[in-house]
Structures are given as C-alpha cells and as structure tokens.
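Worksheet: one structure, shown below.
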Amino acid sequence: MDDKSDKLTTVWVIGYGNTQRRDDGIGPYIADQLRLELGHQPGFRIRSLHQLDPVLIDDKVPPDYIIFVDSTHARLEQGWRFQDLQPDLRQWPFAMHHLPPPIFLGLLGMCLGCNPTAWIVTVQGDDFEFGTGLTPASKTRADKAAMAIGEFARSRFFNRCSQQPAN
C-alpha cells in the first residue's frame, strides 16, 4: 500500500532484451529472478520481454511506478547503474524496433493520463553475439543488480522507505 491512500500501489518491473543474443538477455534474466522473489507481492507485475513494446500501454491497471531493466554495451564503473527516468516524446525512434523507456513513459502519459515514477537499471554486458546464456561476468553483475532492485522494492514499496539503491 502507498502512504498517500488506501489504493493498492502498482509496480511494473519490465526486463527486456534478446535472450538469443547472450548478454542482451540481462533484462529478462533479472525479471525472472525478481519474479521468484517478488512475484507474489500484491500490485507487482513483473514482465520479461524481447523488446519494450507499446502494447503494454493497454494494461487495465496503469502503474504508479516502473522499473525498467536492460543491458548496455557501455562500460559502467560498478558494472550496473540505477537512474531516475523522465518521460520524453521529443526523440521519437523512427528507425528502431523498440521504444526507448522515456518514449514509453510519454505514451503512458498521453494514452492513460498516468505519470508513474520510473527508474532504469542498466547492466553492462560483454557478449551480444548469437547464443544463449549470460557470460559469467555479466551474470555476476546481473545478480548484484537483481539483489539491489529486490532490496529497493522491499524498502520502497513494502516498508515505505524512499531510498535508491547504491551501486
């Protein structure tokens, strides 16, 4: 429940990426890990997707909060990062096969009139070639990020604490 009302808080966790491209599957891997840990919590909707798709906007229960989870080619100091995210419809992806999270948030606002608080967790991947399974180093980083997201969710949504996890 949320401090502001007796309404059930709805949290979407969306892990996305191509599990057939090795470390590009970090987002779905983390979503699956979080489903085991948090999937039973009321109001939590955990999704593992190939790509961020606007069809999610049709959900009957709009989110209060969203945590996006994806991989990156970029080298990250801690191997993963947790960032605030804002809606942005200015950079429409004409030649892309998926929506960037800021565009997705903007569409949620336009279509459903909701403006969820959102974050993106990005985890460094090493191998994005064809194949299945995460590389050992990426799996270690993904496990650390999944643990931090779980701790954040428990403290933020179950204990009503508003701290962001440290990398």
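Nothing in this text is a laboratory measurement; each read-out follows from the coordinates by a stated rule. Everything numeric in this text was worked out from a predicted model, so none of it was measured. Cβ: placed from backbone, ideal geometry, glycine included. Neighbour counts: every protein chain shown.
Report the local net charge at residue 21: Lys and Arg +1, Asp and Glu -1, summed over other residues whose C-beta lies under 9 Å from its C-beta. It would help to have the intermediate numbers written out before the result.
On the way: positive: 22; negative: 23, 24, 127, 129.
Combined, the nearby Lys, Arg, Asp and Glu give -3.
If you take every residue apart from residue 128 with its C-beta less than 13 Å away from the C-beta of residue 128, what net charge results, scoring Lys and Arg +1 and Asp and Glu -1? Please list the in-between numbers first.
Numbers: positive: 21, 22; negative: 23, 24, 70, 126, 127, 129.
So the environment of residue 128 carries a net charge of -4.
Please give the FRET efficiency for residue 117 paired with residue 75, using the beta carbon to beta carbon distance and R0 = 25 Å, rounded to the nearest 0.05. Before the final figure, lay out each step's value.
On the way: r = 28 Å, r/R0 = 1.12.
E between residue 117 and residue 75, to the nearest 0.05, is 0.35.
Need the full-extension length gain, residue 135 to residue 90, defined as separation in residues times 0.36 nm minus the C-alpha distance. One decimal, nm.
Working: separation 45, 0.36 × 45 = 16.20 nm, distance 3.52 nm.
That works out to 12.7 nm of additional length.
Amide H to amide H, which residues 5 or more places from residue 21 or on other chains are under 5 Å from it, using H placed in the peptide plane?
131
For the range 74-79, just list the computed ³J(HN,Hα) in residue order, Karplus coefficients 6.51, -1.76 and 1.60, θ = phi - 60°, integers in Hz, with x standing in for Gly and Pro.
In residue order, the calculated couplings are 5, 7, 10, 3, 9, x Hz.
Quick one: check the C-alpha center-to-center distance for the range 14-64 versus the range 122-146, whole angstrom.
Cα centres, the range 14-64 to the range 122-146: 16 Å.
What residues qualify as long-range amide H neighbours of residue 52, i.e. H under 5 Å apart, gap of 5 or more or another chain, H built at 1.01 Å from N?
When sequence neighbours closer than 5 places are left aside, the close amide H contacts are 99.
Return the long-range amide H neighbours of residue 69 (sequence gap of 5 or more, or a different chain), with a cut-off of under 5 Å between placed amide H atoms.
Amide H to amide H, under 5 Å and 5 or more residues apart or across chains, residue 69 pairs with 14, 15, 16, 121.
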